[in-house]
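One structure is given here, and the rest of the page talks about it.
The values are calculated or read from the model by the stated rules, or taken from the named source; none is laboratory data. Predicted model, so just to flag it, every value in this text is computed and none were measured. Here the Cβ positions follow ideal geometry from the backbone for every residue, glycine too, while neighbour counts run over all protein chains shown. What goes into the accessible areas is simple: the full protein's heavy atoms, side chains included, and nothing from ligands, DNA or RNA. Shrake-Rupley method; radii C 1.70, N 1.55, O 1.52, S 1.80 Å.
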Amino acid sequence: MFKLASRNVYRNSRRSAVTVAAMAFACAMMIVFSALMEGVISGSERNVVAMNTGDIQIHQPGYRDDVDLYKMIESSTQLSEHIRQAGFFSAERLFSFGLMASDNSSSGVQLRGLDLKYESTVTEIHQHIMQGTWLEKADQNGVVIGKKLARLLDVSVGDELVFVGQTADGYMANDSFHIKGILKSVAAGIDNSGVLMNIRTLRELMSLPDQAAHQIVIMRADRNQDLSQATKAVKDLVGIELEVMNWRQLMPVISRFLETAHIQTLIMLLFTYIAVASIVLNAMLMSVFERIHEFGIMKAIGVRPWQIVRLVYAETLIQTLLASIAGLVIGIGLAWYFQRYGIDMSSIAEGMSFAGIALDPIWYAELSINSLFTPVAFLFLMAIIAVIYPAAKVALLRPIEAIYHQ
Amino acid sequence: MRLFNVIFAGLFFLTLSNLVFADSDIDHAPRVQSLLNEIDDLWRGKSSYAVTSMQVKTEHYTRTMRMEGWSKGKEKTLFRILEPLREKGTATLKSGHHIYTYLPKTDRTIKLTSGMMMGAWMGSHLTNDDLVKEARLEEDYDASISFEGERDGQNIIEFTLIPKLEAAVVWGKLILIIQAESHIPVVEYYFDEDMLLARTILFTDIKTLGGRERPSVLRVVPADKPDEYTQFVYEQLQFDIDVRDSLFSLSSLKKR
């Protein structure tokens, strides 16, 4: 059967080659497309989670709705340590607002006090510097600021900034800072008004108590651990007095967008393959009609209709198999290239952001079992559906008519 | 609002006497005018010098600071913090509608931007906007006497001040109550645009200050937080003193 089928495929080698090439091309493109989508999705997820949000956050209940300087997590330092001992990464953060003035301009800012020892274990923001360097413990009055804020204040690395605000005990908070670094695009809030500094400096500036913070950010040590499970584990550690939420709960819009992005890939896959299916259908119809005479003889000598269906399917699947091998080779090659070097979309996507998160202007592909398997599986599925009609057609031929068919 | 001048300029009710009265009050107008004039005289001066302490009590902190201030005309005010040490030398200059603050710790002068106007002034219950809006009040309200006689065992006169239609003010109306005999202010109520009480200013501790009997304590109580207040206590008040215009300049902000 296989031998016969492969001989049939080989017999009209040009048409077979065109069909295989069309399928292989579609398959390769879809692999690249899925890999790119996968890359953008996980890139966005990384921007959300790894740049800022972390997996899980702890706040005083109500803090997120009403950002109040006094709504602090008491003894957050111990709590953070406790969470670390339970096998998570964890860091405290402190927030405050006020006015930051440069020589030429001033702007309202959000001060973000970071626990420098542990912040780098929960986020990658320290690697996201556009100019200058990251914060250092020794440099108490060094700050790293958002990209748009730097433009607004018309400042660059090394410049001085003066902060004016109000301390927790009602006095005037005033100090000067120098800019150590300027961040790349992270998220709208940080880009427009974020001033990052050492948590200790901020505590001192605002006269806030030691060992307390507004937020604890947690990252799973094992990335494969289920997020909901991890959230529950942290909840059990923390108790019910504090609000524990994971990033999907904190940012439902982005979470849903990323979830539906997979469906978008599938829809794209479907449309491309419908086009390919018509090519396959056409090719198989041609090859079947060409051989009606031959099929008639086969039926006349007692070949069962079911066997003929199998023959047509075997021919199709041989071609699909060839196509998927070629598609995989080309697709993996291209996707690997894009994974390595990325596509620079900065000319059209500069500073692009969605729902407050910045998208990386360079798109990297990401090869995964999913982005390889789905296009191939769909290719087979599509081929099988497309050939139903030609196969059924010849299976139901009446031998006498077929033999005399010209 | 006028508080800025109340505190540092001694120009308290000056603005009221300049009001244009509503038609229905034509008959009362001369009396309202003369009464308000009298209240004005309580605080009137071409220039002034004051030493005041400010106490702020909020849910989260209680603090006291002392400051001295000079004023000239309605437009120019300068004050400087004397205590606590932590903020000593911090100076604020109000010139027209602009506010500048000098920060001794960083040796910088900052002009308050519009974004900061609704921020609390020196941790008190007043906003920066309260300070700058003052000068416009005189054109913005219609005044009438809404009550006269005995209330709570005290002979009083009550004025109601309604903002004019075209006036760009944040208040819905003001009610001012004065003692009927001495014409010393007792209390002033500020209502928001929905005519709900927003804050109350109480005038107490009548003392001889600057050669006349005046309330020496002003307490501002926000209506939504009745347990909190900001209170100003006059220690010294002088009128018609000799001050140079150059005092109200950016360069004098820095001087001690």
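Table for the structure above
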{"item": "Candidate lysines - alpha carbon under 22 Å from B:K164, same-chain residues fewer than 8 apart omitted", "result": "B:K74, B:K133, B:K173"}
{"item": "Sparse-neighbourhood loop sites, GluC sites (Glu not before Pro) in region A:191-273 - DSSP loop, at most 10 other Cβ within 10 angstrom", "result": "A:E241"}
{"item": "Note, ³J(HN,Hα) from phi for region A:135-150, Karplus 6.51, -1.76, 1.60, rounded to Hz, x at Gly and Pro", "result": "4, 10, 4, 5, 8, 4, 9, x, 10, 10, 10, x, 5, 6, 5, 4"}
{"item": "Two-site FRET efficiency, A:H262 against A:Y337, from Cβ-Cβ distance with R₀ of 22 Å, rounded to 0.05", "result": "0.45"}
{"item": "Spin-label model distance (nm) - B:I145 vs A:V253, 7 Å beyond Cα toward Cβ", "result": "5.9 nm"}
{"item": "Globularity ratio of the protein assembly as shown, using Cα Rg and 2.2 N^0.38 Å", "result": "1.49"}
{"item": "Protein accessible surface hidden between A and B, which excludes ligands and nucleic acids, total in Å², probe 1.4 Å", "result": "1700 Å²"}
{"item": "Whole-number percent relative contact order across chain A, with pairs defined as alpha carbons under 8 Å at least 6 apart", "result": "28 percent"}
{"item": "Accessible-area composition of chain A, carbon plus sulfur, in percent [1.4 Å probe]", "result": "60 percent"}
{"item": "Within a Gaussian network of chain A (alpha carbon springs, distance under 10 Å), most fluctuating of A:S106, A:S34, A:S80", "result": "A:S106"}
{"item": "Lysines whose Cα lies under 19 Å from that of A:K299, excluding same-chain neighbours fewer than 8 positions away", "result": "A:K3, A:K393"}
{"item": "Nearest-0.05 FRET efficiency for A:L321 and A:D222, computed from C-beta distance (R0 45 Å)", "result": "0.75"}
{"item": "Charged-residue dipole, Cβ positions (Lys, Arg, Asp, Glu), chain A about Cα centre, Debye nearest 20", "result": "2820 debye"}
{"item": "Label-point separation in nm, A:E136 to A:Y404, each point 7 Å along Cα→Cβ", "result": "9.8 nm"}
{"item": "Loop-located GluC sites (Glu not before Pro) in region B:40-109, at most 10 other Cβ atoms within 10 Å (DSSP)", "result": "B:E59"}
{"item": "Ellipsoid equivalent to region A:113-188 - semi-axes via the Cα gyration tensor, in Å", "result": "21, 17, 12"}
{"item": "Reach of A:K71 by Cα under 29 Å, taken over lysines that are not fewer than 8 positions away in the same chain", "result": "A:K117, A:K137, A:K147, A:K148, A:K232, A:K235, B:K57, B:K105, B:K225"}
{"item": "Dipole of the protein assembly as shown, positive direction: furthest Cα of A:I274, B:L78, A:I56, with charges on the beta-carbon", "result": "A:I274"}
{"item": "Among A:A377, A:A50, A:A22, residue whose mean-square fluctuation peaks in a GNM of chain A (springs only between Cα atoms under 10 Å)", "result": "A:A377"}
{"item": "Computed E for A:R64/A:I274 - FRET, C-beta separation, R0 60 angstrom, nearest 0.05", "result": "0.85"}
{"item": "Expected 222 nm ellipticity per residue - DSSP helices of 4 or more, -39500 (n - 2.57), all of chain A, to 500", "result": "-17000 deg cm²/dmol"}
{"item": "Potential extension, A:S207-A:D159 segment - 0.36 nm per residue separation minus Cα distance", "result": "14.8 nm"}
{"item": "Selection from A:V32, A:S80, A:L328, by position along the positive dipole direction of chain A (Cβ)", "result": "A:L328"}
{"item": "Rough spin-label spacing in nm, given labels placed 7 Å along Cα→Cβ, for B:T64 and B:V51", "result": "1.4 nm"}
{"item": "Region B:61-95 residues near the modelled B:D227 label - backbone nitrogen below 14 Å, point 7 Å along Cα→Cβ", "result": "B:61-62"}
{"item": "Region A:1-123: Rg to Rh, with Rh as the Kirkwood radius over Cα pairs", "result": "1.39"}
